[in-house]
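Okay, so here's the structure we're looking at.
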Amino acid sequence: MNNSKMDRALLFVNKFILIAIVLIVTIPLLYVLLGSFLQPSILATKGISFNAEHWTLDGYSRIFNDGSIMRGFLNSMLYAGSFTLVSVGLTILAGYALSVDGLVGKKFFMVFFLFTMFFNGGLVPTYLLVKNLGMINTPWAIILPGAIGVWNIILARTYFKGLPNELKEAAKIDGASDFVIFIKIILPLSKPIIFVLALYAFIGQWNSYFQAMIYLEDRSLYPLQLVLREILIQNEVQPGMIADQLARAEMQRIAEMIKYSSIVISSLPLLIMYPFFQKYFEKGVMVGSLK
């Protein structure tokens, strides 16, 4: 296929823009990854160095020597995994029900869900509700509140409505019930949207620490993000501190090492998980946006 000069120029511009976007995304990631292994003084004065004498594992050793890191990591995996299962399960059920033609009260439920999307009770009523339900200082306070989102329901509903009705009609003719149709036909065809919702839920919960600050009092229940936040605050040089210059410089050095190392540790599960979800992520988002 012969392209005109204008087509070749557009292709060149598109490639240039894509390369620029890739560099904008990858350079900061590489900088943080390499910076977590470099001495802070070298990173501040010379930038990235590949001299082995300038490399150190002090940042990672300081983090992993604290037993709360591994406990926080396991807590985060528990919270994020449980939250994902609950969120995806409820969202899929609600989205499929709202996609079925002839559902009694479908318009009412849609208006109700959309209303909660724009208006909510706020932080204090939510806290009082969680407290009255007896979930304060329990993992349920992290897993259940916010487990279902209206936008995700709409996304799932749109995906289900895009599936061929002929499949469901043929199954009903063969005597299949709605439950059998959902389990054996709808779910196997819904892997893209399920993986998309799972990725959204896992990432959102993994990066969350505000709920833990509000609802959790026992430090053994803290997620990784909250543990790392406390470590950074403890090693941060506060203005007005009474200390000699050497002590302040050492604290600043430790804080810089921990900062980069903690970013790598907290981001590693997501970076490992995303390549396995990518093909489903692309298909699920595009198909779910057709209607």
Yes/no for Ile148 being assigned to a loop (DSSP other than H, G, I, E, B) and more than 21 Å from the chain's Cα centre (by Cα): no
Within segment 56-76, considering residues that are among the small types (Gly, Ala, Ser) and touching a residue at least 12 places away in the same chain (Cβ under 8 Å), the one nearest to Ser262 (Cα to Cα): Gly59
Set Val196, Val237, Val264: member being at pLDDT below 65 and open to solvent by less than 50 Å² (accessible area, probe 1.4 Å): Val237
Any hit, segment 14-27, residues being open to solvent by less than 80 Å² (accessible area, probe 1.4 Å) and in a loop (DSSP other than H, G, I, E, B): no
Segments classed as helices (runs of 4 or more DSSP H), wholly inside segment 151-240, with at least 2 members that are under 24 Å from Leu78 (Cα atoms) and among the β-branched types (Val, Ile, Thr): 191-206, 224-234
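Name the residue, out of Ile69, Ile142, that is touching a Phe, Trp or Tyr at 6+ places or on another chain (Cβ under 7 Å), open to solvent by less than 60 Å² (accessible area, probe 1.4 Å), closer than 22 Å to Phe210 by Cα and of a type in the set (Val, Ile, Thr).
Working: Ile69 fails: touching a Phe, Trp or Tyr at 6+ places or on another chain (Cβ under 7 Å).
Checking each option against the conditions leaves just Ile142.
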In segment 162-182, residue nearest to the chain's Cα centre (by Cα) [restricted to those that are among the β-branched types (Val, Ile, Thr) and open to solvent by 40 Å² or more (accessible area, probe 1.4 Å)]: Val180
Sole residue being open to solvent by 40 Å² or more (accessible area, probe 1.4 Å) and touching a residue at least 24 places away in the same chain (Cβ under 8 Å), chosen from Tyr127, Tyr159, Tyr79, Tyr96: Tyr127
Identity of the residue in segment 44-97, part of a helix (DSSP H, G or I) and charged (D, E, K, R), that ends up nearest to Pro269 (Cα to Cα): Arg71
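Could you please let me know if Arg71 is closer than 30 Å to Arg219 by Cβ and within 25 Å of the chain's Cα centre (by Cα)?
Details: closer than 30 Å to Arg219 by Cβ: yes; within 25 Å of the chain's Cα centre (by Cα): yes.
The answer is yes for Arg71.
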Tally of residues being touching a helix residue (DSSP H, G or I) at 6+ places or on another chain (Cβ under 6 Å) and either part of a helix (DSSP H, G or I) or open to solvent by 70 Å² or more (accessible area, probe 1.4 Å) (or both) across segment 130-139: 1
Filtered residue count, segment 99-124, keeping only those that are open to solvent by 40 Å² or more (accessible area, probe 1.4 Å) and assigned to a loop (DSSP other than H, G, I, E, B): 8
Any chance Ile214 is among the β-branched types (Val, Ile, Thr), out of contact with any strand residue (DSSP E or B) (no Cβ under 6 Å at 6 or more places or on another chain) and open to solvent by less than 60 Å² (accessible area, probe 1.4 Å): yes
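The values are calculated or read from the model by the stated rules, or taken from the named source; none is laboratory data. Please read these numbers as outputs of a predicted model, since none were measured by experiment. Methodologically, a virtual Cβ is constructed for each residue, glycine included, from the backbone with ideal geometry; neighbour enumeration extends over all protein chains shown. Each accessible area value is taken on the protein alone, full model and side chains, heavy atoms only, with ligands, DNA and RNA left out. Shrake-Rupley method; radii C 1.70, N 1.55, O 1.52, S 1.80 Å.
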